[in-house]
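The structure appears right after this line, and notes come after that.
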Amino acid sequence: MSRVIRALLLAASAGLLTTLAGAQSNELNLYSARHYQTDEALYSQFTKATGIKINRVDADDAGILARLKAEGTASPADVILLVDAARLGKGQVEGLFRPIKSPLLEAAVPAQLRAAAGSDGIAWFGLSTRARVVVYDKTRVKREDVDTYEELADPKNKGRVCLRSGSHPYNLSLFGSMLEHLGPAKMENWLQGLKANLARAPKGGDTDQIRAVASGECAVAISNSYYIARLMRSGQAQDQALMSKFEVVFPNQQSWGTHLNIAGAAVARHSKNPQAAIQFIEYLASPQAQTYFADGNNEWPVVASVKTTNAALQAMSGGAFKAETVPVAQVAAHQVRVQQMLDRIGFR
């Protein structure tokens, strides 16, 4: 990263960029699917630096998109924060976002972690990443039998796999990535094999899958990396006991790399304060905010120059791992096709 770009990011972090909201409003309305207490410090620091107050509405990704559609042109929303590429892609397709033009963001966020909206600008930017990893019972499963996503559908793992709903956005994004790598025919066969290997019907969230492995209900599961890092950093004895029951593998290190999903931001289509909305998103790409994402919620920064010191992330990944490079916007674009495959084979 050039000195100029780094200087701009540091300036955003320190609140030295010109406050653009004054002529319009000293408030921003944020619709957020990020329900993390650590984010509160981000918002208060932005307000302190710029004088712009953040009014936050919390909901899940689907609820936010539904609300934007229902509100239409009357929507007060300025900034949208979602926690999955598939949902960001859905919002873009449904015309709920306003294209962003920001040289700072385009320099800071890698091209594969954002979505172009044509010549008008960028539809949305990823701001943090999390890996979709495999957890397994080390007493029942060999690491080499689950170190690729493909092997989760191999008959050798029959009756071993636990999974949350295949239609959950986290899995839709993973499956969209697999479709990109395997192609339609192999992908549908893979889904059939994965379904056949389930130890029980899909249910619960990622932490429930981890607990199912620890309890012996199944032997293999898929989880977002930050759920595991939370357990690792927990001071609770039961969480430390849980950690002793399983191992973690970052799949496909010898091929295309482990699937990454993102949390990302967009400007609402009918924002009344779009310049300040862009300023806020630029702030979220600053070194200070990127460090908060890593330390506060166990996510990896998207800005390459920002290095995390999160001990749990370091320990889990061994300090580094190979991540796939498929553009997340491409993965998001596959969600409808993937859902059709799931429906066709009766995968819940």
Check Q238 against each of (1) more than 23 Å from S317 (Cβ to Cβ); (2) at pLDDT 95 or above and name the one condition it does not meet. (2)
The lone condition Q254 fails out of (1) in a loop (DSSP other than H, G, I, E, B); (2) under 17 Å from A311 (Cα atoms) is (2)
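Could you grab me the full set of residues in segment 237-252 that are in contact (Cβ under 8 Å) with a residue 40 or more places away in the chain and charged (D, E, K, R)? Reasoning before the result, please.
Kept after step one, since they are in contact (Cβ under 8 Å) with a residue 40 or more places away in the chain, are these residues of segment 237-252: 245-252.
Within segment 237-252, K245, E247 meet the criteria.
Residue by residue, here is whether (1) assigned by TED's automatic domain parsing to the domain that holds I64; (2) part of a helix (DSSP H, G or I); (3) within 18 Å of N252 (Cβ to Cβ) holds:
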residue: A123; (1), (2), (3): yes, no, no
residue: V135; (1), (2), (3): no, no, yes
residue: D147; (1), (2), (3): no, no, yes
residue: L179; (1), (2), (3): no, yes, yes
residue: K186; (1), (2), (3): no, yes, yes
residue: L191; (1), (2), (3): no, yes, yes
residue: P202; (1), (2), (3): no, no, no
residue: D208; (1), (2), (3): no, yes, no
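Just to check your reading of the model, which residue among G63, G126, G72, G91 is at positive phi and of a type outside the set (S, T, Y)?
Among G63, G126, G72, G91, only G72 is at positive phi and of a type outside the set (S, T, Y).
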Odd one out for I64, checked against (1) surrounded by fewer than 20 Cβ atoms within 10 Å (Cβ to Cβ); (2) among the β-branched types (V, I, T); (3) touching a Leu at 6+ places or on another chain (Cβ under 9 Å): (1)
Could you tell me which residue of segment 213-233 is surrounded by the fewest Cβ atoms within 10 Å (Cβ to Cβ), considering only residues that are in contact with a strand residue (DSSP E or B) (Cβ under 7 Å, 6 or more places away or on another chain) and not hydrophobic (A, V, I, L, M, F, W, C)? E217
The lone condition V306 fails out of (1) in contact (Cβ under 8 Å) with a residue 24 or more places away in the chain; (2) farther than 12 Å from S177 by Cα; (3) surrounded by 13 or more Cβ atoms within 10 Å (Cβ to Cβ) is (1)
Take the conditions hydrophobic (A, V, I, L, M, F, W, C), surrounded by fewer than 20 Cβ atoms within 10 Å (Cβ to Cβ) and at pLDDT 75 or above and apply them to A59. Does it pass? yes
It is to be established whether one or more residues within segment 187-210 are of a type in the set (K, R) and closer than 29 Å to A304 by Cα. no
On the given criteria, is Y292 within 25 Å of G51 (Cα to Cα) and over 18 Å from the mean Cα position of the chain (by Cα)? no
Identify the residue in segment 19-46 that is of a type outside the set (D, E, K, R) and over 25 Å from the mean Cα position of the chain (by Cα) and, among all such residues, is modelled with the highest pLDDT. N26
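The values are calculated or read from the model by the stated rules, or taken from the named source; none is laboratory data. Small disclaimer: the values here were computed from a predicted structure and weren't measured. So basically every Cβ, Gly included, is an ideal-geometry build from the backbone, and we count neighbours across all protein chains shown.
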